[in-house]
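Structure first, then comments.
Every number here is computed from the coordinates shown, using simple stated rules; none is lab data. Just so we're clear, the structure is a prediction, and the values are computed from it rather than from any experiment. Cβ: placed from backbone, ideal geometry, glycine included. Neighbour counts: every protein chain shown.
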Amino acid sequence: MTDIDILSLEFSEVKAAVEAMGEKPFRAKQIYSWLHEKRAESFDEMSDLPKALRERLAETYSFSRIVPKRVLKSEKDGTVKILYGLSDGNHIETVLMSYEHGDSLCVSTQAGCKMGCKFCASTIAGFKRNLEPNEILGQLYETERVTSRKVSSIVLMGIGEPLDNFDNVIKFLRILSSPEGTNMSLRHVSLSTCGLVDRIYDLMEMDLGLTLSISLHSPYDEKRSELMPINNRYHIDDLMKACRDYFEKTGRRISFEYALIEGENDSREDAKALVELIKGMPAHINVIPVNKIAERSYRSDRAAAAAFCRLLGSLGANATVRRTLGSDINAACGQLRREYEGALNE
């Protein structure tokens, strides 16, 4: 058996593999159906495949699963936060949130993060590794299994920077949207990035139809570099040009995430500069009360976020305050992972 997990294969790869084994092409559709529709957990379950083929598949591919270690459910709004264990001992988090339009799943794309954003719990424990396509996809399949709830949309906004794991994330998106598999439209997917400009252009050329969200958090280079070290590599002017080019190419409105931090980026001058920055581009500003983490003194609250949002609106911007979900279970990304791994190391 190799280290290649069969859930990481696109349909064309499965088709090529079974044909190389001397099987008919229709076997690929059977296998893909077992993997992505029936959600089989072993090759032995694939009962309409010849036993010899099942054995050959088991010899050729691995069939791993991510394992739920902790499941927390909010008593306030039904938000579910799951800590998953990976095969190598690393951990990631996934959050299932309920909205009027259906259930949305926030997935992780890396174990840890190397971007170093000062207000983010995910980066404090450091970067471990990229997730494979099957590990990203597994968060969807396992969460639906654990909760018995159907996910209608996905946000790549959990632990890690999606565009820093570009190839695996793109492969995950292709598997997710495959007509032979889950067949989720990528218009129901949002990808959040701290601003890897070269990868935004790569994404733009693919024109996948997903929603791009930019973690901005300040309209000024000096302050943004202080909060988000990636700004030392890609300055705001470069990032905004990429955003405008992305919209011109794809026609997809961009969402800007703005974590409000008291005394750091919450002044009237900040609001005016932010509105000026996105002027002339169809965009939405998502104001977020910053999450409290033990290692940082940053803070804000929902009332301050609402006031800043009203200010943005009075200046002509399209802005809302992100709905706070799972506050009673610390649903902010990275916190459960740090607590769990910290306890293991004591």
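Exceeding 29 Å between C-alpha atoms, which entries from my cross-link table qualify? They are Lys114/Lys241; Lys150/Lys171; Lys15/Lys249; Lys24/Lys171; Lys81/Lys114; Lys81/Lys118. Could you put the intermediate results ahead of the total?
Values: Lys114/Lys241 24 Å; Lys150/Lys171 22 Å; Lys15/Lys249 33 Å; Lys24/Lys171 25 Å; Lys81/Lys114 23 Å; Lys81/Lys118 23 Å.
Pairs exceeding the cut-off: Lys15/Lys249.
Quick one: helix 197-206 against the long Cα principal axis of the chain, what's the angle to the nearest 10°, folded into 0 to 90?
50 degrees
No solvent, one uniform scatterer per C-alpha: report log10 I(q)/I(0) for the stretch 150-221 via the Debye equation at q = 0.19, 0.20, 0.24 1/Å, two decimals.
Each listed q corresponds, in turn, to -0.78, -0.86, -1.19.
Would you be so kind as to identify which of Ile92, Gln30, Ser104 lies farthest towards the positive end of the dipole of the chain, taking Lys and Arg as +1 and Asp and Glu as -1 on Cβ and the Cα centre as origin?
Ser104
Kindly give Rg over Rh for the chain, based on alpha-carbon atoms, with the Kirkwood expression for the hydrodynamic radius. Please list the in-between numbers first.
On the way: Rg = 21.1 Å, Rh = 21.3 Å.
With Rh from the inverse mean 1/r over Cα pairs, Rg/Rh is 0.99.
Which one of Gly158, Leu239, Val321 has its Cα pushed farthest toward the positive end of the charge dipole of the stretch 67-344, where Lys and Arg give +1 and Asp and Glu give -1 at the Cβ?
It is Val321.
Filter the GluC sites (Glu not before Pro) in the stretch 90-143 down to the DSSP loop ones having no more than 15 other Cβ atoms within 10 Å, then list what survives.
Working: sites: Glu93, Glu100, Glu135, Glu142; in loops: Glu100.
Answer in residue order: Glu100.
As I understand it, the value is the acute angle between the Cα axis of helix 51-60 and the longest principal axis of the Cα atoms of the chain; what does it come to in degrees, rounded to 10?
For helix 51-60, the angle is close to 50 degrees.
Under the classification rounded if a/c is under 1.5, otherwise prolate if a/b is larger than b/c and oblate if not, where does the stretch 1-158 fall, given a ≥ b ≥ c as square roots of the Cα gyration tensor eigenvalues?
Working: a/c = 2.48, a/b = 1.71, b/c = 1.45.
Prolate shape, in that a/c is at least 1.5 and a/b is the bigger ratio.
Before rounding to the nearest 500, sum -39500 (n - 2.57) across all DSSP H runs of length at least 4 in the chain and divide by the residue total; then give [θ] at 222 nm in deg cm²/dmol. Before the final figure, lay out the partial values.
Values: 11 runs with 122 residues, N = 346.
Rounded to the nearest 500, it is -10500 deg cm²/dmol.
Report the calculated FRET efficiency for Asp237 and Arg187 (r = Cβ-Cβ distance, R0 = 25 Å), to the nearest 0.05. Working shown, then result.
Working: r = 29 Å, r/R0 = 1.18.
Efficiency at R0 = 25 Å is approximately 0.25.
Shape of the stretch 6-60 from its Cα gyration tensor (a ≥ b ≥ c, root eigenvalues): rounded if a/c is under 1.5, otherwise prolate when a/b > b/c, or oblate?
Since a/c stays below 1.5, the shape of the stretch 6-60 is classed as rounded.
Which Cα, out of Ala304, Ile288, Asn134, lies furthest along the positive dipole direction of the chain (beta carbon charges, K/R +1, D/E -1)?
Value computed over the given set: Ala304.
Give the angle, between 0 and 90 degrees and rounded to the nearest 10, that separates the Cα long axis of helix 302-314 from the longest principal axis of the Cα atoms of the chain.
70 degrees
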